[in-house]
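Asker: Below is a structure I'd like to ask you about.
The values are calculated or read from the model by the stated rules, or taken from the named source; none is laboratory data. The shown structure was predicted, so the numbers you read here are calculated from the model rather than taken from an experiment. Note that each Cβ is placed from the backbone with ideal geometry, even for glycine, and that neighbours are counted across all protein chains shown.
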Number of protein chains: 2
Amino acid sequence: MPTARTRVVRESERGVYDRETVNQILDEAFLCHVGFSVDGQPFVIPTSYGRDGDNLYIHGSAASRMLRQLKDGIQVCVTVTLLDGLVLARSIFNHSMNYRSVVILGKAALVDNPAEKLTALRVLSEHIIPQRWEDVRQPNERELKATSVLRLPIEEFSAKVRIGPPIDDAEDYSFPTWAGVVPLEMKVGEPISDPKLEPGRAVPEYVHSYTRTA
Amino acid sequence: MPTARTRVVRESERGVYDRETVNQILDEAFLCHVGFSVDGQPFVIPTSYGRDGDNLYIHGSAASRMLRQLKDGIQVCVTVTLLDGLVLARSIFNHSMNYRSVVILGKAALVDNPAEKLTALRVLSEHIIPQRWEDVRQPNERELKATSVLRLPIEEFSAKVRIGPPIDDAEDYSFPTWAGVVPLEMKVGEPISDPKLEPGRAVPEYVHSYTRTA
C-alpha cells in the first residue's frame, strides 16, 4: 500500500501500487535518477541500477557527492521513467504523455561486504545486458574497492502509468485537427566495434539481439 | 563557471560547462527529473520542460507536492539525461555508458502572471513538438488557471558528456571478447490516430516528420 509520501497526488487515477507492475517497469529500464539532499540543496544524478528481488542496487557513479556524507545510509528518492509517447489532443490543455514511472523512497546504504558487492555488480551487469558478465574480465580486488554500490530496499514505492489515446473535452472532438499518439521508444542501434578490436572477432548473439522490451 | 556545487566531481574529465553544449542537450530532450525536498525527504519527479533563452519552464504536473510548500520559490535540481549507448569494455570495471546530461540548481518560482504563463505554455509546447500550438485549441481562462508552470533560471549548471569507444586497461586489450558500443536512441514510431478521429483527417507534416535529433 502507498504511504502518505508515495500516494500519487496528481492524476491519481494513474497511480499503480502493485508490485508486479513496479517490477516490470524496473526490469525494462536500467537508468534511474537518484535524488538526495546536501545542506538543503537537492541533487538529482542519473545512474544505472539493477534489481535483485526486493533490493535495488545502484551504481556508485552517482555516489561521490553522496558518499562524502554517508555513514548509516542516506535518504534518497530513486525515480525510473519509461517514456512511451506524446499524446496529442485537440486542446493544448489535454496534451499529455504516455509513460510508466516508478518512485522509490528509502535509505540507501553503501554495500561494503565484498561478497555482496560482487553479487551486486553481477546483478547490475546482468540487468543492463544479460550474459555480458561471463564474457569479460571479472573485477579484481583493486577494482572492487574502487567501485561503490548502494543498496535500496524496494519497500516504499509507487508507480504512475498513462497509456492510450488522448482524452478531449466533449465539445473539442469537432475541432479540426489531427489527434493521436506519437509512439516513442528506446531503439537499439547496430553495434559499433571498438576500433582497437582484434580483427575477426564477431559481435556476440547477446549483443546482436539486445533489446529492452520483453 | 561551475560553482562548488555544480563542479563535476567524479570522472571530472567528462565535465562540460559551456553554455552552448548545455543548450544543445536541453533542446534535444524534453523530459527532465525535478528534485526537491519535503520535510527532509527528497522527491524526484519526471516532467516536461521547455527552454526560453536563459529560463527553463517546467510543467506543473510535477508541482502538486512542491506547490503546497511553495511561496517564494523552491530549491530544486533539474536533471536532463540523454542516453546514447552502452559501452562494452573488456573488463567489467571499464564498462560505461555514452550519455549527455545537464544538472541545473536553483530556485524554481511559480509563474503567476497570466501573460507569462501563456508564453511559457507555448514555449513548452513548441519545445516538445513544434507547430502543434497553432494547430489546436488554445487554453481558455479556466485551463490557464488549472495549469501550473515553474520558472527556473539557467544560471548554476553543469553538463557531463561521455562519447566514444570503451577505454580498457592496456593489459586487457588481448582479452578474448567483443568490445564496442551498442548505440541507443529515442525512436519515433508511426503516429497512431485517435480512434475518435473524424475520418479523412491526415497526419500533419510536423507530426509525420517528428524527430528529436537536430
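Asker: Against the conditions (1) surrounded by 19 or more Cβ atoms within 10 Å (Cβ to Cβ); (2) among the aliphatic types (A, V, I, L, M); (3) closer than 30 Å to B:Q41 by Cα, where does A:I163 fall short? Just the number, please.
Answerer: Of the numbered conditions (1) surrounded by 19 or more Cβ atoms within 10 Å (Cβ to Cβ); (2) among the aliphatic types (A, V, I, L, M); (3) closer than 30 Å to B:Q41 by Cα, the odd one out for A:I163 is (1).
Asker: Let me ask something else. Determine, yes or no, whether B:V102 is within 29 Å of A:L121 (Cβ to Cβ), modelled with pLDDT of 95 or more and not hydroxyl-bearing (S, T, Y). First the steps, then the outcome.
Answerer: Values: within 29 Å of A:L121 (Cβ to Cβ): yes; modelled with pLDDT of 95 or more: yes; not hydroxyl-bearing (S, T, Y): yes.
Spelling it out, B:V102 is indeed within 29 Å of A:L121 (Cβ to Cβ), modelled with pLDDT of 95 or more and not hydroxyl-bearing (S, T, Y).
Conditions tested, residue by residue: (1) at pLDDT below 90; (2) among the hydroxyl-bearing types (S, T, Y).
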residue	(1), (2)
A:P2	yes, no
A:S12	yes, yes
A:C32	no, no
A:V38	yes, no
A:V44	no, no
A:K71	yes, no
A:D84	no, no
A:A89	no, no
A:S96	no, yes
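Asker: Pairs, please: C-beta under 8 Å, at least 6 apart or cross-chain, first residue under 12 Å from B:A89 (Cβ atoms) and in region A:132-145, second small (G, A, S) and outside any strand (DSSP E or B)?
Answerer: A:R132/A:S125; A:V136/B:A89
Asker: Here's something else I'd like to know. Just give me the residues in region B:69-92 being within 30 Å of B:P165 (Cβ to Cβ), over 20 Å from the mean Cα position of the chain (by Cα) and in contact (Cβ under 8 Å) with a residue 24 or more places away in the chain, in sequence order. Full working, then the answer.
Answerer: Looking only at region B:69-92, we keep the residues that are within 30 Å of B:P165 (Cβ to Cβ), and these are B:79-92.
The next check asks that each one be over 20 Å from the mean Cα position of the chain (by Cα); those that pass are B:87-92.
Correct list: B:V87, B:L88, B:A89, B:R90, B:S91.
Asker: If I go through region A:7-23 residue by residue, how many of them are surrounded by fewer than 16 Cβ atoms within 10 Å (Cβ to Cβ) and either within 11 Å of the chain's Cα centre (by Cα) or in a strand (DSSP E or B) (or both)? Give the steps one after another, and end with the answer.
Answerer: From region A:7-23, those surrounded by fewer than 16 Cβ atoms within 10 Å (Cβ to Cβ) are A:7, A:9, A:11-13, A:17-21; that's our starting set.
Then drop every residue that is not either within 11 Å of the chain's Cα centre (by Cα) or in a strand (DSSP E or B) (or both), which leaves none.
Total satisfying the criteria: 0.
Asker: Please state which one of A:R151, A:R100 is away from chain B (no Cβ under 11 Å), part of a strand (DSSP E or B), in contact (Cβ under 8 Å) with a residue 60 or more places away in the chain and basic (K, R).
Answerer: The unique qualifying residue is A:R151.
Asker: For region B:166-202, which residues satisfy the criterion of being in a loop (DSSP other than H, G, I, E, B), facing another protein chain (nearest Cβ under 7 Å) and touching an Asp or Glu at 6+ places or on another chain (Cβ under 9 Å)?
Answerer: If the condition is that a residue be in a loop (DSSP other than H, G, I, E, B), facing another protein chain (nearest Cβ under 7 Å) and touching an Asp or Glu at 6+ places or on another chain (Cβ under 9 Å), then B:P166, B:Y173, B:F175, B:T177, B:W178, B:A179, B:G189, B:D194, B:K196 are the ones that fit.
Asker: Just wondering, is there one or more residues in region A:105-114 that are part of a loop (DSSP other than H, G, I, E, B), at pLDDT below 95, of a type outside the set (D, E) and farther than 21 Å from A:V34 by Cα? Let's see the steps before the verdict.
Answerer: Within region A:105-114, the subset part of a loop (DSSP other than H, G, I, E, B) is A:111-113.
Remaining after also requiring at pLDDT below 95: A:111-113.
Checking the rest, the ones that are also of a type outside the set (D, E) come to A:111, A:113.
Imposing the further condition that a residue be farther than 21 Å from A:V34 by Cα reduces the set to A:113.
Scanning region A:105-114 turns up at least one residue that is part of a loop (DSSP other than H, G, I, E, B), at pLDDT below 95, of a type outside the set (D, E) and farther than 21 Å from A:V34 by Cα.
Asker: Here's another thing I want to ask about it. Are any residues in region B:24-42 within 7 Å of another protein chain (Cβ to nearest Cβ) and either surrounded by fewer than 14 Cβ atoms within 10 Å (Cβ to Cβ) or out of contact with any helix residue (DSSP H, G or I) (no Cβ under 8 Å at 6 or more places or on another chain) (or both), and if so, which ones? Spell out how you get there, then give the answer.
Answerer: Pass one, region B:24-42, residues within 7 Å of another protein chain (Cβ to nearest Cβ): B:31, B:33, B:35-37, B:40-42.
B:L31, B:H33, B:G35, B:S37, B:G40, B:Q41, B:P42, listed by residue number.
Asker: Please go through region B:54-68 and pick out each residue that is more than 14 Å from the chain's Cα centre (by Cα) and either aliphatic (A, V, I, L, M) or modelled with pLDDT under 95 (or both).
Answerer: B:G60, B:S61, B:A63, B:S64, B:R65, B:M66, B:L67, B:R68, listed by residue number.
Asker: Go through (1) assigned to a helix (DSSP H, G or I); (2) more than 25 Å from the chain's Cα centre (by Cα); (3) facing chain B (nearest Cβ under 7 Å) for A:E143 and report which single condition fails.
Answerer: A:E143 satisfies every listed condition except (2).
Each row is one residue, and each column tells you yes or no for (1) among the basic types (K, R); (2) surrounded by fewer than 21 Cβ atoms within 10 Å (Cβ to Cβ).
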| residue | (1), (2) |
| --- | --- |
| B:T81 | no, no |
| B:H95 | no, no |
| B:S101 | no, no |
| B:I104 | no, no |
| B:N113 | no, yes |
| B:V136 | no, no |
| B:R142 | yes, yes |
